[in-house]
Amino acid sequence: IAYAEKSLIAVRQTIDATAQNLVELENERNNLKSEYFKLKESDYQGTTTCPTCGHELPDALLVSYIEKFNKEKAAKLEVLKNKGLNITNKIKMLEDQLSTAKTQEAAKVQELEILERDRKEEIEQLKVKVAELETAMKQANEAYNGDIFSNPAYQELVRQRAEAVTKMLKIDISNEQKARCTELENQIE
């Protein structure tokens, strides 16, 4: 059960980390989209006058400045587009990982429920066995009166009862440790 609980915690941590990465990538993609559309809507804002003489630039020179601006703009848009596609691909990959992790989480939860149910059944069986052994010991004690402690059948009953009680104590200690671990994990969170 402890292993199943640890693996469930690990899967949940993976889910949390993946979800956080998704949020960060989506924010980054939104920022890139905003930057892309802002750049796409931009126009040549450069000067139309010569910086040295102050006269109007000839149309041919102004057209070359605008063409240069548009080429640089197209190159920047392509870079932003590629970055956006890369981020979209990463987001798709993380969404797939998140889906897989959630499926694993559901399987781990089910496995843990089965293990806990089996443990409860085992505890109940041990309680019944201890009660049966105590009854058998009382009956043996009544049947043999003073020689009961030297009787091999009685000794076997004592041994079986000790094993059953030991198992129950181990389970109780495990349950206490489990409860303490859960308490500490809650404090950590």
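The values are calculated or read from the model by the stated rules, or taken from the named source; none is laboratory data. Being a predicted model, the structure only gives us computed values, none of them experimental. Cβ placement follows ideal geometry from the backbone for every residue including glycine, while neighbour counts extend to all protein chains displayed. All accessible areas refer to the heavy atoms of the entire protein, side chains included, with ligands and DNA or RNA removed. Shrake-Rupley method; radii C 1.70, N 1.55, O 1.52, S 1.80 Å.
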FRET efficiency for Leu39 and Ala10, using Cβ-Cβ distance with R0 set to 41 Å, rounded to 0.05: 0.45
Solvent-accessible area per residue for region 34-189 at a 1.4 Å probe radius, Å²? 76
Roughly speaking, what is the stretch gain from Leu61 to Asn31, that is 0.36 nm per residue apart minus the C-alpha to C-alpha distance, in nm to one decimal? 7.3 nm
Relative intensity, log₁₀ I(q)/I(0), of the chain from a Debye sum that treats every alpha carbon as a point, q = 0.10, 0.12, 0.15 Å⁻¹: -0.73, -0.85, -1.01
Please give the solvent-accessible surface of Glu185 in Å², to the nearest 10, using a probe radius of 1.4 Å with every protein chain present. 70
Solvent-accessible area, 1.4 Å probe, carbon plus sulfur percent, for region 43-189: 54
Write down, largest first, the equivalent ellipsoid semi-axes of region 50-129 in whole Å, where each equals the square root of 5 times an eigenvalue of the alpha-carbon gyration tensor. 74, 10, 5
